[in-house]
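The values are calculated or read from the model by the stated rules, or taken from the named source; none is laboratory data. Just so it is clear, the structure is predicted and the values come from calculations on it, not from any experiment. Ideal geometry is used to build each Cβ from the backbone, glycine not excepted, and the neighbour counts take in all protein chains shown.
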Amino acid sequence: MFTCDFSVEEFRARRERVCREIGPEALALIQGSARQSGHSTFRQSNDFYYLCGVEVPHAYLLLDGGRQTSTLFLAHQSEEQREHEGEILSAENAALGRELTGVEGVQGIEFLARYLEGARTIYTPLR
């Protein structure tokens, strides 16, 4: 669900560096990895992990250079999923997500498009 390899302050400092670099009129959108069928162990993408330490699939991190804020967008976890897989960071436990990561906001993934509206520049990692 979340790594303990680095402190919340370390992740916050990394995100702040990116926000300064992209400038006040830009956003940076980092996509976490999807769950791979057939693989038993989930592995988060390096960029996403480096900036927030979250180890859940189908998550996004949005860095706002103008506001100097970070918002984590998480998938929802149904009660059935919780029973079978255990609790993971999800839109349903946003307060825990803010506490563990130090991001300013945690939203359901369905709100991501609203945050991108009107953006002049959006940076994404290239593969």
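Looking at 117, 92, 104 in this structure, which one is farther than 20 Å from residue 15 by Cβ, out of contact with any Lys or Arg (no Cβ under 7 Å at 6 or more places or on another chain) and surrounded by 14 or more Cβ atoms within 10 Å (Cβ to Cβ)?
Just a single option satisfies the conditions, and that option is 92.
Restricting attention to the stretch 61-83, report how many residues are out of contact with any Ser or Thr (no Cβ under 7 Å at 6 or more places or on another chain) and surrounded by 18 or more Cβ atoms within 10 Å (Cβ to Cβ).
5
If a residue counts only when it is among the hydrophobic types (A, V, I, L, M, F, W, C), which helices (runs of 4 or more DSSP H) contained entirely in the stretch 26-127 have at least 2 such residues?
Ranges flagged: 46-52, 94-101, 112-116.
Check whether at least one residue in the stretch 103-121 is at pLDDT below 95 and of a type in the set (Ser, Thr, Tyr), and report yes or no.
The answer is no; no qualifying residue exists.
Which pairs turn up if I take residues in the stretch 40-60 that are surrounded by fewer than 18 Cβ atoms within 10 Å (Cβ to Cβ) and look for partners that are of a type in the set (Asp, Glu) with beta carbon separation below 8 Å, at least 6 apart in sequence or on another chain?
Within 8 Å, the pairs are 42/55.
Confirm whether residue 112 is farther than 23 Å from residue 4 by Cα and either surrounded by fewer than 16 Cβ atoms within 10 Å (Cβ to Cβ) or under 11 Å from the mean Cα position of the chain (by Cα) (or both).
It is true that residue 112 is farther than 23 Å from residue 4 by Cα and either surrounded by fewer than 16 Cβ atoms within 10 Å (Cβ to Cβ) or under 11 Å from the mean Cα position of the chain (by Cα) (or both).
Hey, residue 3 hits all of (1) farther than 16 Å from residue 124 by Cα; (2) at pLDDT 90 or above; (3) β-branched (Val, Ile, Thr) but one; which does it fall short on?
(2)
If you check 23, 97, 86, which single one turns out to be within 13 Å of the chain's Cα centre (by Cα) and either surrounded by fewer than 15 Cβ atoms within 10 Å (Cβ to Cβ) or in contact (Cβ under 8 Å) with a residue 24 or more places away in the chain (or both)?
97
Being under 20 Å from residue 19 (Cα atoms) and out of contact with any strand residue (DSSP E or B) (no Cβ under 9 Å at 6 or more places or on another chain) is the filter here; which residues of the stretch 51-98 pass it?
67, 68
Being among the small types (Gly, Ala, Ser) and at pLDDT below 90 is the filter here, so list the residues in the stretch 64-86 that pass it.
78, 86
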